[in-house]
1. Could you check the stretch 19-112 for helices (runs of 4 or more DSSP H) lying wholly inside it with 2 or more residues that are under 14 Å from ILE7 (Cβ atoms) and touching a residue at least 40 places away in the same chain (Cβ under 8 Å)?
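Readers should treat all values here as calculations from the given coordinates under stated rules, not as data from a laboratory. Note that this is a predicted model, so its numbers are computed, not measured. We place every Cβ from the backbone using ideal geometry, glycine too, and count neighbours over all the protein chains shown.
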Amino acid sequence: MATIYSIRINVEANENRFHIEWFRGMEEELLDRFPATAPITDAESRELWQIPEYQPDIGNKLFRFLDGDSRHLMLALADANNQGVQLQLHIRTCNQAMDWPFELLAQEKTFLVPYRVHLIRRVSD
């Protein structure tokens with residue numbers, strides 16, 4: 001069993017600006033929608049994520065991007081922890097964010113996917 005949250009990432013007119021939507025469950029209950037700036041550079045998304053020394057930093061940037069000012073990712077992690085289950089994140093991205101290495105999600109340089117998060121990428125409807 002897992003606690004399920006869904007995240008939708010869409011690009012705005014400026015390709016460096018995005019808006020993120022957080023949902024409880026499978027897009028059942030909209031929790032918040034907020035703007036965000038691209039968290040990683042093109043070099044990080046294409047090459048550097050493969051080099052171990054860069055991975056924790058990239059993972060932390062992606063964490064902060066998804067977390068937002070309202071700390072949604074932190075709250076989702078706490079929710080799953082309180083229930084004694086893992087967090088299942090369903091991420092649906094726009095083309096500009098499709099190749100970002102969300103598998104590297106890290107909190108304080110600790111990777112989350114192997115231990116606390118099941119990450120599911122939606123590539124189409």
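1. Numbers: elements: 42-46, 55-67, 72-83.
Answer list for the stretch 19-112: 55-67, 72-83.
Conditions tested, residue by residue: (1) farther than 19 Å from HIS118 by Cβ; (2) out of contact with any His (no Cβ under 7 Å at 6 or more places or on another chain).
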{"position": "GLY25", "(1), (2)": "no, yes"}
{"position": "ALA38", "(1), (2)": "yes, yes"}
{"position": "GLN50", "(1), (2)": "yes, yes"}
{"position": "LEU73", "(1), (2)": "no, yes"}
{"position": "GLN86", "(1), (2)": "no, no"}
{"position": "THR93", "(1), (2)": "no, yes"}
{"position": "PRO101", "(1), (2)": "no, yes"}
